[in-house]
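The values are calculated or read from the model by the stated rules, or taken from the named source; none is laboratory data. All values derive from a computational prediction rather than experimental measurement. Note that each Cβ is placed from the backbone with ideal geometry, even for glycine, and that neighbours are counted across all protein chains shown.
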Amino acid sequence: MERNFIALGAFSGFLAVAAGAFGAHALRRRVAEDLLAVFQTGAQYHMFHALALIAAGLVGLRAPSGAARAAGWLFLIGTVLFSGSLYALALTGMRKLGAITPIGGTAFLAGWIALAWAAWRS
């Protein structure tokens, strides 16, 4: 599973760069400035957590543990819910989608705690 997290993290990083470029170039004149900022926040957190996903995989390779595996899953879930909801909100303008964002943020926070625990225990 750990190698999968590293590969998923690398692919997620690719998607984060693509999203950032899409926001900077394709959306600049198509969405309101506040929604563009929302999209860019999604891309920024997407990249941070692509790197965190790689870190979870590396920690898991060094010392396989349930905590490292949990961190990987939490970073993946957090990316889909947090960044995904921000992308969708920016593209559709549906503000109700913002209700999903804190769930993803909570997954991110839990992922960081799990990663810290896994690293500490290794």
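Some observations on this one:
- Restricting the first member to the stretch 1-22 and to residues that are more than 23 Å from Ala63 (Cβ to Cβ), and the second to residues that are aromatic (Phe, Trp, Tyr) and at pLDDT 95 or above, the beta-carbon pairs closer than 8 Å and six or more apart or on different chains are Ala19/Phe39; Ala19/Tyr87.
- Selection within the stretch 89-122: residues that are among the small types (Gly, Ala, Ser) and surrounded by fewer than 18 Cβ atoms within 10 Å (Cβ to Cβ). The member of this set that is nearest to Glu33 (Cα to Cα) is Gly93.
- Just one residue in the set Leu36, Leu51 is over 27 Å from Arg121 (Cα atoms) and assigned to a helix (DSSP H, G or I); that residue is Leu36.
- For the stretch 57-72, the set of residues classified as buried (at least 18 other Cβ atoms within 10 Å of the Cβ) and assigned to a helix (DSSP H, G or I) consists of Gly57, Val59, Gly60, Ala67, Ala68, Arg69, Ala70, Ala71, Gly72, listed by residue number.
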